[in-house]
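To start, the structure under review is shown below, and the notes come after it.
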Amino acid sequence: MNNLPTVKVMYRALVNKDVTFEGIFYAGVKTTGIFCRPTCPAKKPDMKNVEFFASAKNALLAGFKPCKRCQPMQPLGKAPEWIAGLLKEVSENNSIRWKDSDLRVRNYDPISVRRWFKKNHNITFHAYVRSLRLGNAIGRLKNGDNLTQTAFNHGYESLSGFRDAIKKITGMTAGKAGNSTIVYLNRILTPLGPMLAGATNEGICLLEFLDRRMLGTQLKILIKRLNCNFVPGSNEVIESVSGELKEYFNGNLKQFKTPVIFPGTTFQMRVWKNLINIPSGTTISYEHLAGQIGQPAAVRAVASANGANRIAIVIPCHRVIGKDGNLTGYGGGLWRKKFLIELEKGSY
Ligand SMILES: [Zn+2]
């Protein structure tokens, strides 16, 4: 709990429904005995009536009940009712090129929709539809919702839909058939939201949150570096990392054993190799990491290699923080970085 921001900062975040604090704190309201996420739409109590917690578990242990509106016990990203229908439609049919009039016809106020996406995903509605298009092309395979099973079982047509999706996202046609590496893509659900996993039969080469804007670029780099073709599906490597992630989020796994493949520049690969050696439960600074690879002056380059990491969590770029202890940046969002560091310290 000593890692919580100050009460003032948290209270301001609570009043502003600041989504960047999602997962960082929970707010218990003493007068009602209910606890909420920072973004709860309910009316905000006076500061003196709020108690802050680092985890939902701690709030429960202190005797607070989860709020019915913001549902702090639900996995992050669960949508409220008013927009659930739209999300369902978008996820089932991502060929629509949404215009404001399409939203109005369905009784959605375009401004509210935009605001909700900005607030909850920090992206535009259109960017969300794009990332879903990919998520859908791959994600109907496993562990998700009831939409599963379709893509693969229907053979050629879905596979070509998948290829279209990849092409739309990366702007590239994947490597030539025949002589290229196959990278299986699949979705893995985590408490921090769905991730996209990519693996050859030799190791995992991609693990990234699906809402990440960099995802298209990351896929593009993989096509170039591995001369690969993407295929929706799973293999032993993906099964392995998926099992390990489960254990990791349960707090039982300190070191991943699934083999990793991380082609990059010589410099990047040196940084990434060193990241793997940072023990779970600890953090180091960018300066320290630069020193470790023998280039103490290359702090910026180290930070940018860190940000270019394609295998989130397994190559723990989240364990690198600012010299002053600030979390600084994280591609997947600061709230996720904070969560991962806390999880590894055993705080959840
Ligand atoms: Zn609430």
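A few comments on the model shown:
So that you can scan it fast, the table gives a plain yes or no per residue for (1) within 26 Å of A305 (Cβ to Cβ); (2) modelled with pLDDT under 95:
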residue	(1), (2)
N227	yes, yes
V231	no, yes
V237	yes, no
V241	yes, no
N250	no, yes
V260	yes, no
G264	yes, no
M269	yes, no
L275	yes, no
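- Residues of the stretch 246-261 that turn out to be touching a strand residue (DSSP E or B) at 6+ places or on another chain (Cβ under 6 Å) and farther than 9 Å from A199 by Cβ, as a count: 1
- Applying the condition of being under 22 Å from F125 (Cα atoms) and out of contact with any strand residue (DSSP E or B) (no Cβ under 9 Å at 6 or more places or on another chain) to the stretch 212-228 and asking which residue is most open to solvent (accessible area, probe 1.4 Å) yields R213.
- Lone qualifier among L253, L222, L226 - being touching a residue at least 60 places away in the same chain (Cβ under 8 Å) and either over 19 Å from the mean Cα position of the chain (by Cα) or within 18 Å of I188 (Cβ to Cβ) (or both): L222
- Taking the criterion of being outside any helix (DSSP H, G or I), away from the ligand (no atom under 14 Å from the Cβ) and at pLDDT below 85, the residues of the stretch 38-75 that qualify are A54, S55, A62, G63, P75.
- Residue satisfying condition, being of a type in the set (A, V, I, L, M, F, W, C) and within 20 Å of the chain's Cα centre (by Cα), within set L334, L289: L334
- Residue that is hydroxyl-bearing (S, T, Y) and either open to solvent by less than 20 Å² (accessible area, probe 1.4 Å) or not in a loop (DSSP other than H, G, I, E, B) (or both), where the choices are S234, S280, S240: S240
- Residue within the stretch 186-202 that is in contact (Cβ under 8 Å) with a residue 40 or more places away in the chain, open to solvent by 10 Å² or more (accessible area, probe 1.4 Å) and assigned to a strand (DSSP E or B) present: yes
- The stretch 11-37: number of residues that are in contact with a helix residue (DSSP H, G or I) (Cβ under 7 Å, 6 or more places away or on another chain), within 15 Å of the ligand (Cβ to nearest atom) and aliphatic (A, V, I, L, M): 4
- Filtered residue count, the stretch 248-277, keeping only those that are touching a Phe, Trp or Tyr at 6+ places or on another chain (Cβ under 9 Å), part of a loop (DSSP other than H, G, I, E, B) and over 16 Å from V302 (Cα atoms): 3
The values are calculated or read from the model by the stated rules, or taken from the named source; none is laboratory data. A quick note: this is a predicted structure, and the numbers were derived from the prediction, not measured. Cβ: placed from backbone, ideal geometry, glycine included. Neighbour counts: every protein chain shown. Keep in mind that these areas ignore ligands, DNA and RNA; they rest on the heavy atoms of the full protein, side chains included. Shrake-Rupley method; radii C 1.70, N 1.55, O 1.52, S 1.80 Å.
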